Amino acid sequence: MNWRHTRHEIVTDLVGRPWWVAAVGAVTTTMYALAMLYAGSQGIDLGVAGHFGGAAGGFAAGFALGTNVYDGASAGLRAGCFGIAVLSLLLGITSFVVWFAASGTAFLFYSPFFALLAVCLLAPMYAFAGLIGGTIGIVVRRWFVPDHLNPKPH
């Protein structure tokens with residue numbers, strides 16, 4: 001088995017096909033979560049709406065995919081997981097840069113710790129919300145987009 005085929009299988013299993021569906025959902029999850037973090041830092045009380053990043057990303061991934069409910073659920077799950085992973089990476093880098101700029105000391109232990117903590121605590125919640133959002137996104141697309149514009153449900 002050659003490397004191209006093995007790499008193709010790894011990408012298919014990890015990201016799914018088409019890959020851009022997971023990317024759309026992950027970007028939506030990350031942007032929603034960043035917007036909610038910014039709104040929370042401005043003193044706006046968000047309540048439960050601040051935790052719907054995974055659902056928003058899953059909805060976007062499911063709506064973009066449009067095939068069937070099972071594929072939409074898996075695309076939403078991937079979108080929630082990848083989105084919170086990107087967000088936690090940004091959190092780790094930002095905390096490292098801010099602490100280094102404020103104190104002149106590199107906090108090499110605390111920055112990765114906060115990023116890992118964010119992944120461990122938020123990834124299951126965002127993945128489950130993405131799973132639900134992906135399912136809803138598929139159903140909404142199937143209801144509101146004309147049949148000739150939807151892909152075959154396999």
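Odds and ends about this structure:
- Structure-derived percent of Cα pairs over 24 Å apart - corresponding label in [x] 42; [y] 34; [z] 26: [x]
- Total charge dipole magnitude, the chain, about the Cα centre, Cβ charges on Lys, Arg, Asp, Glu only, Debye to nearest 20: 320 debye
- Under the span-like rule (Cα at least 30 Å along the axis, Kyte-Doolittle mean at least 0.5), DSSP H helices of the chain: 19-41, 69-103, 110-144
- Carbon plus sulfur fraction of accessible area for the chain, probe 1.4 Å, in percent: 75 percent
The values are calculated or read from the model by the stated rules, or taken from the named source; none is laboratory data. Source: prediction; values computed, not measured. Neighbour counts are summed over all protein chains in view; Cβ atoms, including those assigned to glycine, are modelled from backbone coordinates with ideal geometry. To get the accessible areas, we keep the full protein, side chains included, count just its heavy atoms, and leave off ligands, DNA and RNA. Shrake-Rupley method; radii C 1.70, N 1.55, O 1.52, S 1.80 Å.
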